[in-house]
1. Test of understanding: among ARG87, ARG24, ARG41, which residue is at pLDDT 85 or above and on the phi < 0 side of the Ramachandran plot?
2. Answer yes or no as to whether ALA105 is in contact with a Ser or Thr (Cβ under 8 Å, 6 or more places away or on another chain), in contact (Cβ under 8 Å) with a residue 24 or more places away in the chain and within 25 Å of PRO197 (Cα to Cα).
3. Within segment 209-234, work out how many residues are within 28 Å of the chain's Cα centre (by Cα) and loosely packed, with under 15 Cβ neighbours inside 10 Å.
4. When you scan segment 139-160, do you find a residue that is surrounded by fewer than 21 Cβ atoms within 10 Å (Cβ to Cβ), in the same structural domain as ASP46 (by TED's automatic domain parsing), among the acidic types (Asp, Glu) and under 26 Å from ALA44 (Cα atoms), even just one?
5. When both residues are 6+ apart or on different chains and their Cβ atoms are under 7 Å apart, which pairs have a first residue that lies in segment 155-170 and is modelled with pLDDT of 95 or more, and a second that is among the aliphatic types (A, V, I, L, M) and part of a helix (DSSP H, G or I)?
6. Cβ-Cβ below 7 Å, separation at least six or inter-chain, first residue in segment 119-137 and without any contact (Cβ under 8 Å) to a residue 40 or more places away in the chain, second aromatic (Phe, Trp, Tyr): which pairs?
7. Out of all the residues in segment 91-101, is one or more more than 14 Å from the chain's Cα centre (by Cα), surrounded by 24 or more Cβ atoms within 10 Å (Cβ to Cβ), under 21 Å from GLY179 (Cα atoms) and modelled with pLDDT of 95 or more?
8. For segment 221-251, how many residues are outside any loop (DSSP other than H, G, I, E, B) and under 17 Å from SER199 (Cα atoms)?
Amino acid sequence: MTDAVRYERVGPVAWVTIDRPEARNAIDASVREGLFDVATRFNADDAAVLALTGAGDVAFCAGADLKEMAEMGLEVPPPDFIPMFGRTLEVRKPTIAAVNGVAFAGGWMIAQACDLCVASTRAQFAITEVKVGRSSPWAAPLIHMIPQRIMMEIVLTGKPISAQRAHEIGLVNRLAEPGDLMAAAIALAAEILEGAPLSVGAAREMVMLSTEMGRAAALRAARQVSERAYRSEDALEGPRAFVEKRRPQWKGR
């Protein structure tokens, strides 16, 4: 891990913080390295959910470090340049973005790539690439989250939207007061943890598959990824616990 990214355990939750508040948590080489390390550590850890946030109360992540980009003379970023869950970072368990401040450009990208999003009522979101002569091909999957015309306005104008607006259009799952953001993210993680681990994993993969293929193909693929959950001990424990009126004891097998 680098000093720019902190990894802490809060019970079963891996709490990850981009820690460059003096640069509005912008993504530079140290953040990129730290986030790649996070994916490796989280996959090997027994933490069940990852929650990602930014240090301070001003910025979640302001995007790529433009000073670094100017010094590099960066034109087309290589495919693995920016850490992105589901693309350049493979994680096998649920992820939550806890957006504490501005999430602009690459910051929006990181929040978008997480499975779920909790945002401070003071947060703002923007895809600002048009303002600095860049492009945002990473935003293409956003069309599965929000309506086309709203997406078009966001990427064409580069103007920020409020946390409330992000919640209204479906980009954000839950809003929280600034001081309650961490608690809100952990509460959402706790709700996930109430489910059987193999069932949660299958449900997550089903959603991912459904955004990548047509209806019939997604149904076939989703059934395949559900086989392990169906055949698990937990699949018998759930109905048994219901009949016995007790909380199920999940084993993850």
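The values are calculated or read from the model by the stated rules, or taken from the named source; none is laboratory data. What you see is a predicted model; the values in this text were computed from it and never measured. Please note: Cβ atoms are built from the backbone with ideal geometry, for glycine as well, and neighbour counts cover all protein chains shown.
1. On the way: ARG87 fails: at pLDDT 85 or above; ARG24 fails: on the phi < 0 side of the Ramachandran plot.
Matching residue, one of ARG87, ARG24, ARG41: ARG41.
2. Details: in contact with a Ser or Thr (Cβ under 8 Å, 6 or more places away or on another chain): yes; in contact (Cβ under 8 Å) with a residue 24 or more places away in the chain: yes; within 25 Å of PRO197 (Cα to Cα): no.
It is false that ALA105 is in contact with a Ser or Thr (Cβ under 8 Å, 6 or more places away or on another chain), in contact (Cβ under 8 Å) with a residue 24 or more places away in the chain and within 25 Å of PRO197 (Cα to Cα).
3. First, pick out the residues of segment 209-234 that are within 28 Å of the chain's Cα centre (by Cα): 209-230, 232, 234.
From the residues that got through so far, the ones that are loosely packed, with under 15 Cβ neighbours inside 10 Å too are 211-217, 219-220, 223-224, 227-228, 230.
Looking only at that region, the number is 14.
4. Taking segment 139-160 first, the residues surrounded by fewer than 21 Cβ atoms within 10 Å (Cβ to Cβ) are 139-153, 155-160.
Add one more test, that the residue is in the same structural domain as ASP46 (by TED's automatic domain parsing), and what stays is 139-153, 155-160.
In the following step, the residues that additionally are among the acidic types (Asp, Glu) were identified as 153.
Then drop every residue that is not under 26 Å from ALA44 (Cα atoms), which leaves none.
Checked against the condition, which is being surrounded by fewer than 21 Cβ atoms within 10 Å (Cβ to Cβ), in the same structural domain as ASP46 (by TED's automatic domain parsing), among the acidic types (Asp, Glu) and under 26 Å from ALA44 (Cα atoms), segment 139-160 yields no hits at all.
5. Short answer, once both residue conditions are applied: VAL155/ALA139; LEU156/VAL130; GLY158/VAL130; ILE161/ILE154; ILE169/ILE150.
6. ALA126/PHE104; ALA126/TRP108; ILE127/TRP108
7. First, pick out the residues of segment 91-101 that are more than 14 Å from the chain's Cα centre (by Cα): 101.
Those still in the list that are surrounded by 24 or more Cβ atoms within 10 Å (Cβ to Cβ) too: 101.
Add one more test, that the residue is under 21 Å from GLY179 (Cα atoms), and what stays is 101.
When the remaining residues are screened for being modelled with pLDDT of 95 or more, the result is 101.
Yes, the conditions are met somewhere in segment 91-101.
8. Quick first cut of segment 221-251, residues outside any loop (DSSP other than H, G, I, E, B) only: 221-230, 233-243.
From the residues that got through so far, the ones that are under 17 Å from SER199 (Cα atoms) too are 221-230, 233-242.
Selection size over segment 221-251: 20.
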